Each structure stands twice: as C-alpha cells, then as structure tokens.
Amino acid sequence: MTASRRLLVVDDHKEFADLVVDVAARLGFDARSTNSAREFKEFYSAETPDVVVLDIVMPESDGIELIQWLINSGYHGRIVVATGYGPMYANAAKVLGEGRGPIAITTLRKPATLAEIRACLNEADRPDAP
C-alpha cells in the first residue's frame, strides 16, 4: 500500500528524526529521514515531499539555508521547523519562508512529545494549513 503523502525529515539528531518518521508513518505518510543537507537535497530531487520537517541548527547547513534552497527550488509544500533553541530561531525561519515564497511553516519546539509531533504533522497535512 502506498501512502498518499510524502514527508522528508532532516535533523542531525537521529533519534528525533526516527521518532518523527515513526509518528508520520502511523499517520499514513511515506516518511524518510536524513541528517545531511546534501542527502536531503538528493531525496528532495528524487521525489518532492508534501511536508518537510527540518531542524534549524545543524552542523553542515542550517535550516534557514535549506528553507531558502526550498524556495529557490520552487517548493510549495508545508514545512515544520523543529528546534531545541530559543523560539527566535523558529520565528525567523517562519518569517523568512512565508515572506519569500508560498510556503506554509509550522513550528515545533524540541524536545517534543508524541502528541505534539502528531498534532504538528496533522496540522501541516491539512489542505488549509497556514
């Protein structure tokens, strides 16, 4: 059985990325993850996701750079910005993404509970999500 929605996670914390993939799969997503910006771009190019979950602070490339890359690539899906840092990082990403392109961004504060991840993915999956 093929899931109708694709989700791609990029986060340098493998445990968090695996948790998001597990929750997403239970919600019916075809979900995969990576901890590399380069691999994220390869996965994205092979099959454009409907929802992207990305960490803001990563060693190779930060989430804001990836949001800019997504905008420049013509992405029109949903983005969930996950961060364990102060909310200013997530808010800056939200302002940047929504100000520069037709991208809806939801924020998720780490550490997150299963219920928070589930709610965030359900919100991002709604057709009328902001």
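The values are calculated or read from the model by the stated rules, or taken from the named source; none is laboratory data. The model shown is predicted, which means the values in this text are computed figures rather than measured ones. Here Cβ is always computed from backbone atoms with ideal geometry, including for glycine, and neighbour counts include all displayed protein chains.
Here are a few things to note about the model shown:
- On inspection, Arg32 does not qualify as basic (Lys, Arg), in contact with a Pro (Cβ under 6 Å, 6 or more places away or on another chain), under 23 Å from Glu123 (Cα atoms) and touching a residue at least 12 places away in the same chain (Cβ under 8 Å).
- Single residue of Ile79, Ile64 found to be assigned to a helix (DSSP H, G or I), under 19 Å from Ala124 (Cα atoms) and in contact with a helix residue (DSSP H, G or I) (Cβ under 8 Å, 6 or more places away or on another chain): Ile64
- Condition met for Val57 (closer than 17 Å to Ala112 by Cα, surrounded by fewer than 16 Cβ atoms within 10 Å (Cβ to Cβ), at pLDDT 80 or above and β-branched (Val, Ile, Thr)): yes
- Residue in segment 26-37 that is touching a Lys or Arg at 6+ places or on another chain (Cβ under 7 Å) and among the β-branched types (Val, Ile, Thr) present: no
Conditions tested, residue by residue: (1) modelled with pLDDT of 85 or more; (2) exposed (fewer than 13 other Cβ atoms within 10 Å of the Cβ).
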position	(1), (2)
Ala90	no, no
Val95	no, yes
Gly99	no, yes
Ala104	no, no
Leu114	yes, yes
Ala119	yes, no
Asn122	yes, yes
